[in-house]
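Beneath this line is the structure, given in structure tokens, with notes to follow.
All of the numbers you see were taken from the coordinates with simple rules; none came from a lab. Being a predicted model, the structure only gives us computed values, none of them experimental. Quick reminder, even Gly has a Cβ in these numbers, built from the backbone with ideal geometry, and neighbours come from all protein chains shown.
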């Protein structure tokens with residue numbers, strides 16, 4: 001009991017600091033947005049686009065930090081969005097096939113980003129900077145109010161778009177040909193999904209770093225799909241899982257002094273194992 | 001009332017022509033069967049009618065108040081992912097999206113329509129089941145209910161019985177016949193099952209064989225190509 005009181009006291013102490021509150025707000029919002037799109041991305045076999053774009057975002061952030069922009073996101077968002085559009089249209093024209101295009105763009109961006117950081121070193125601690133961008137170790141705790149507001153505004157836009165187009169996103173994910181025949185502009189919606197994914201990925205760099213972002217997109221969706229069998233219930237469950245895992249991960253990392261990003265991802269992995277088990281038990285019963 | 005007219009249509013992909021000189025019309029109440037071997041361009045024709053592809057030349061006109069996106073489409077059964085989370089109701093409701101324009105959400109009328117069409121297919125009891133856990137025959141009925149939500153007039157069926165066992169195949173054909181006869185829905189069906197085509201269709205379009213044949217079933221049975229193929233199909237040419 002004493003132990004529990006201790007934890008509670010420690011937490012309430014930490015939450016007096018605004019940067020801890022910022023971290024929690026932004027973390028939960030990003031996790032929510034990523035998980036909503038996750039279901040669709042996983043089912044459309046787009047998981048790797050998320051992974052590729054996160055490397056692009058790393059390169060863009062590296063360039064932005066060399067240019068000493070006031071906010072790295074101002075450069076990272078447009079570059080990542082452009083690459084999302086390029087990857088998507090390449091898979092339709094098929095000169096370089098989709099997966100190869102993703103590999104080319106993502107590895108290229110990763111290498112260029114690291115090279116630029118090394119040549120035009122902005123600080124003495126290059127490996128620290130790189131590590132932060134890749135694994136998001138401390139950056140979530142150094143958010144400025146402007147970062148928080150940007151995250152809130154973009155998250156609201158993403159949520160609104162998702163709710164407004166929810167039924168069409170389902171139709172496109174389930175059966176693209178039927179959706180086209182129904183007069184739904186599938187190409188435009190695919191583009192929208194890719195652009196929104198790009199925005200979420202850039203936002204998520206602050207939280208988990210660019211190497212771990214795919215986990216936020218893929219794990220909650222996969223966990224939810226083990227147990228829930230309708231699109232709506234799977235999407236809602238995925239959102240809840242993701243929010244809880246993000247909040248829990250941030251709190252654990254504060255208490256235990258672990259890196260935020262990897263803690264959140266590990267919470268998601270444990271969660272996935274639990275849902276896998278529940279799904280398997282349900283399957284045995286049925 | 002003419003619902004669909006194809007004029008001098010040439011189809012193909014990547015510049016290679018698969019079919020040319022396609023001319024046919026579909027009138028309200030018709031049951032048109034498109035037959036032909038694999039690779040003769042049947043699926044390409046369907047995709048062109050649905051505006052998923054554009055023709056190399058020629059045109060497709062819709063009439064009788066039918067808009068191109070108001071054709072109920074039953075795609076060839078594709079293997080969907082085993083763990084796709086989608087309830088039967090969600091799948092069928094998505095058939096109403098073509099009438100919704102920019103409206104974001106389903107209303108009561110849409111839900112009622114979905115239920116009515118599930119009832120027509122005798123699967124109202126499955127509405128809350130997971131689509132990917134249904135049997136092949138049940139899945140096909142769900143997709144047919146979705147197609148019915150998208151149209152009042154014209155159904156386009158791409159190999160509706162492929163992968164079904166003989167009993168389910170007959171049930172499926174009966175169901176389609178009922179939609180045509182009792183509900184007055186015009187049918188365009190792709191098939192390589194000649195015997196079924198000759199049994200149920202009112203009109204036949206035979207592609208992939210020159211000259212192309214288009215006409216009523218009786219004319220087909222008396223034509224050269226019809227005589228040749230109806231023997232393969234096991235139907236006596238009486």
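Considering only alpha-carbon pairs that sit under 8 angstrom and 6 or more positions apart, the relative contact order computed for chain B is 26 percent. Here, the range A:114-192 has an Rg and a Dmax of 20.1, 57 Å when only alpha carbons are counted. Put the Cα centre of the range B:113-161 next to the Cα centre of the range A:232-286 and the gap is 35 Å.
A Förster radius of 60 Å combined with the Cβ-Cβ distance from residue B:27 to residue A:3 puts the calculated FRET efficiency at roughly 0.15. Distances longer than 16 Å among the Cα atoms of the range B:68-132: what percent of all pairs is that? Here the tail beyond 16 Å accounts for 54 percent of pairs.
In plain terms, the chain from residue A:191 to residue A:21 could stretch by 57.8 nm, reckoned as 0.36 nm per residue minus the Cα-Cα distance. The ranking of B:174, B:129, B:108, B:199 by Cβ neighbour count inside 10 Å, starting from the fewest, reads B:108, B:174, B:199, B:129. Starting from the Cα of residue A:13, step 7 Å toward the Cβ, then list every residue of the range A:233-263 with an amide N under 18 Å from that point. Residues A:251-258 fall inside that zone. Semi-axis lengths, largest first, of the ellipsoid equivalent to the range B:1-67 are 21, 13, 10 Å, with √(5λ) applied to each eigenvalue of the Cα gyration tensor. For the pair residue A:115 and residue A:159 in one chain, pulling the backbone fully straight at 0.36 nm per residue adds 12.3 nm over the alpha carbon distance. Just so you know, the Rg over Rh for the protein assembly as shown is 1.07, from Cα atoms, with Rh as the Kirkwood radius. Taking one quarter of the surface of the convex hull spanned by the alpha-carbon atoms of chain B gives a direction-averaged projected area of 13.6 nm². Of all beta bridges that DSSP places with both ends in the protein assembly as shown, some 50 percent have antiparallel geometry. Along its first, second and third principal axes, ordered by size, the range A:209-271 spans 38, 22, 14 Å in Cα coordinates. Once you sort the root eigenvalues of the Cα gyration tensor of the range B:1-140 as a ≥ b ≥ c, which label holds: rounded (a/c under 1.5), prolate (a/b larger than b/c) or oblate (the other case)? Prolate is the answer for the range B:1-140, as a/c is 1.5 or above and a/b outweighs b/c.
Taking a ≥ b ≥ c as the square roots of the eigenvalues of the alpha-carbon gyration tensor, the range A:11-117 is classed oblate because a/c is 1.5 or more while a/b is no larger than b/c.
Distance distribution note for the range A:20-207: the fraction of Cα pairs above 25 angstrom is 36%.
Going by neighbour counts of Cβ atoms within 10 Å, the residues A:131, B:33 line up, fewest first, as A:131, B:33.
With the simple spin-label model, which puts each label point 7 Å out from Cα in the Cβ direction, the residue B:61 to residue B:182 separation comes to 3.6 nm. One Cα centroid belongs to the range A:3-43, the other to the range B:15-43; the line between them spans 58 Å.
Contact order for the range A:20-207, expressed relative to its length and based on alpha carbon pairs under 8 Å spaced 6+ residues apart, stands at 40 percent. P(r) tail, the range A:151-267: Cα-Cα pairs separated by more than 21 Å, 46% of all pairs. The fewest-to-most ranking of B:57, A:127 by surrounding Cβ atoms within 10 Å reads A:127, B:57. FRET efficiency for the residue B:221 to residue A:280 pair, using the beta carbon distance and R₀ = 51 Å, is estimated at 0.35.
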